[in-house]
1. How much net charge surrounds Leu337 when only other residues with a Cβ under 15 Å from its Cβ are counted (Lys, Arg +1; Asp, Glu -1)?
2. Using Cα pairs closer than 8 Å and at least 6 residues apart in sequence, work out the relative contact order for the chain, in percent.
3. Would you mind calculating the relative contact order of region 6-207 from Cα pairs under 8 angstrom and at least 6 residues apart, reporting the percent as a whole number?
4. Cβ under 15 Å from Arg292's Cβ, Arg292 left aside: what net charge do those residues give with Lys, Arg +1 and Asp, Glu -1?
5. Roughly how many whole Å is it from the C-alpha centroid of region 326-350 to that of region 253-299?
6. Chymotrypsin sites (Phe, Trp or Tyr not before Pro), restricted to region 62-115: which are DSSP loop and have at most 13 other Cβ atoms within 10 Å?
7. Taking the simple approach of a point 7 Å from Cα along Cα-to-Cβ for both Arg292 and Asp354, what is their distance in nm?
8. So I have (i) 94, 37, 35; (ii) 70, 46, 34; (iii) 72, 60, 32, and one of them is Cα extents along the principal axes in Å calculated from this model. Which one is it?
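Only the coordinates and a few stated rules stand behind these numbers; no lab work does. Keep in mind that this is a model prediction, so the values were computed, not measured. Cβ atoms come from the backbone with ideal geometry, glycine included; neighbour counts cover every protein chain shown.
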Amino acid sequence: MRRRSLLARVARTAGVAVAATGTAASAGCLATGSDDYVPPPRVEDPPQGVYRPVAAPRLRTVGVADAGPFRLALAYGPPVRFWEVVGEQTYRRAVESEDDVHLVALAWDPETGVVLPEVGLTVEVTRDDALVAQEAVYAMVSQGMGFHYGDNFALDGDGAYAATVAVGGLQGRRTGAFAGRFGEPASHTFAFEYARSDRDALEVVRADDPGTRGALPTTPPGSMPAAAVPADPPGSRLGRATTADVAFDVRALTGRAATERVDADAPADAAYLAVLAHTPYNDLVLPAMGLRATVEREDGATTERILDRTLDPELGYHYGASVDGLVDATAVGIEPLTPPQVARHEGYETAFLDVEPVRVTVD
């Protein structure tokens, strides 16, 4: 079993200069023709914020299965660079010579398709009942996949493998039909065949304008959903603000919609404040932030609330709190206490870090 230390994750390899040549994206395959996998070059001196990386490989689905209340999926692609986030610091994780694949796992609700961050997920890979690798994989975001769990793994050559994906149970608050669900652990073992030639034949989306502002398309493989904010969430929109490329949609829910989501000890007329945090281009959910809201009212009074990381079948993953007097709000301030504590693929590694307080004025 290979366990990686923090020092092993802080690999330092030189960036490769890439010229910007256009505005579209094209596809191809890896076809390196070498025994040693070489990832696509990185944009040298990337901009601060979301940008188009040189390339994003597609993924090959290993399998999809139900386990307890969860639907689990496993896929793989070539190993990739990514950046671990600890507090406000990032640590580059380079592709190591022994890495063969980037394993990607996902858990979601099969009824609504809502992706479940913060379940805590491990992957154990065996071959002929012998342990090959076991990792508590990273929660991370990429432009091609959105939120997922992933890490680079070393395998033992071409052949048959079994990979057990285990979720430890959802952390955080759940509302509506999700209340009381997803708290118990579950797992499933996927059998799969791996061949380097199959990995190298995977399609790769290449940007014709790497290093420019924007993002590559989000295209999860097979039936795996993207963790995007809902297109038409409940409640009324109070406003939108952006800081460090984190887009905040601030919403107020009242009446029955609020009753289903407010705390049990909240006043009878309390409303529900929901903040949806997402990427600026593909509206992908940005989980694991610390947020505090300040609600300003017409009478000059203010109310502060720490927003709970919450999962809801209609709002999806969001940050919420019960707020008395929200219907009289004239403005809402959002103070980020910690940036999203998720690792990032290329194109996101310089974004979502220097988050500053924002304020929306209610019309």
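1. -3
2. It comes to 21 percent, rounded to a whole number.
3. 26
4. So the environment of Arg292 carries a net charge of -2.
5. Comparing the Cα centres of region 326-350 and region 253-299, I get a distance of 13 Å.
6. Those that pass, being in a loop and sparsely packed, number zero.
7. Here the modelled spin labels are 2.2 nm apart.
8. Label of the calculated value: (ii).
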